[in-house]
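Below you'll find the structure, written out as structure tokens, and then a few comments.
The values are calculated or read from the model by the stated rules, or taken from the named source; none is laboratory data. On a predicted model such as this, the values are computed, not experimentally measured, just so you know. Cβ atoms come from the backbone with ideal geometry, glycine included; neighbour counts cover every protein chain shown.
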Amino acid sequence: MRNTNEMIMPESEIVKAQQDFLSKVYAWMVGGLLITSLTAWYIFSTGFWKQIVTNSILFYGLIIGEVALVFILSSKVQKMTTFLAGSLFILYSAMNGLTLSVILAVYTAESVQQVFLISAAMFAGLSVFGFVTKKDLSGIGRFMFMGLIGLLLTMVINLIMGSSMLDFLISVVGVIVFSGLTAYDTQKLKEMYMVQFEGGETAAKASILGALTLYLDFINLFIFLLRLLGNRR
């Protein structure tokens, strides 16, 4: 149900505000993916990925640091300056590139490129669907969030079991979950267009947080598709 401001605002102005806000979100997201990709390639080409794999303190330090950055950005972004929020997002993107550099050592470069393109095409299609559909996707979002919790628990269990069949099912479910979340998160961000009228700082910080959300959807969709379709070295 639309609020009073939406009812008195021309439809064309609403659509423009939605497009302007999402364009900022996608700009940050693409920038983050570019930083991650370049960092991963550089770390792989220099061989530093071996240090990450063999040094457990460094590896788990990176993982903990990434989780901490996501938590800080998600919960404290409105209390930050735009510069700080953007800097933390860039830092997170670079740190993620460090950990993802190991992928280039596990899978062939050709399969990584192919799966990346497939992921990009799927993400674009799902994001467009989330933007244009008139159907309320909040129910799907809640279902996918519950699926994500179950997915994480199953992954922990499989670390102990080491089942190849369960690993396959985890990858399939992972693709489904992050496909659904991509459409849902896009729709949710579309509905946040009113921040466009609340000032530059507010809109900028909201776009960074939105970019982080879609960035995580894309990265996880890519990883689970790679587990399914990627060719190992």
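Data table
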item: Residue list for region 180-214, restricted to those being of a type outside the set (Ser, Thr, Tyr), closer than 19 Å to Phe123 by Cβ and either without any contact (Cβ under 8 Å) to a residue 60 or more places away in the chain or surrounded by fewer than 18 Cβ atoms within 10 Å (Cβ to Cβ) (or both); result: Gly180, Leu181, Ala183, Asp185, Gln187, Lys188
item: Enumeration of residues in region 71-124 that are farther than 23 Å from Gly47 by Cβ, not hydrophobic (A, V, I, L, M, F, W, C) and not in a helix (DSSP H, G or I); result: Thr81
item: Only listed residue being assigned to a helix (DSSP H, G or I), touching a Phe, Trp or Tyr at 6+ places or on another chain (Cβ under 9 Å) and farther than 28 Å from Leu91 by Cβ, chosen from Ile157, Ile208, Ile170; result: Ile170
item: Selected residue (only one of Ile103, Ile176, Ile140 is surrounded by 12 or more Cβ atoms within 10 Å (Cβ to Cβ), under 18 Å from the mean Cα position of the chain (by Cα) and either modelled with pLDDT under 90 or at positive phi (or both)); result: Ile103
item: Options Leu212, Leu166; residue that is farther than 19 Å from Phe116 by Cβ and touching a Leu at 6+ places or on another chain (Cβ under 7 Å); result: Leu212
item: Subset of region 75-91 [touching a helix residue (DSSP H, G or I) at 6+ places or on another chain (Cβ under 7 Å) and closer than 16 Å to Gly32 by Cα]; result: Thr82, Ala85, Gly86, Leu88, Phe89, Ile90, Leu91
item: Residue ID - farthest from the chain's Cα centre (by Cα), chosen from residues in region 85-94 that are surrounded by fewer than 19 Cβ atoms within 10 Å (Cβ to Cβ) and either under 20 Å from Gln51 (Cβ atoms) or of a type in the set (S, T, N, Q) (or both); result: Ser87
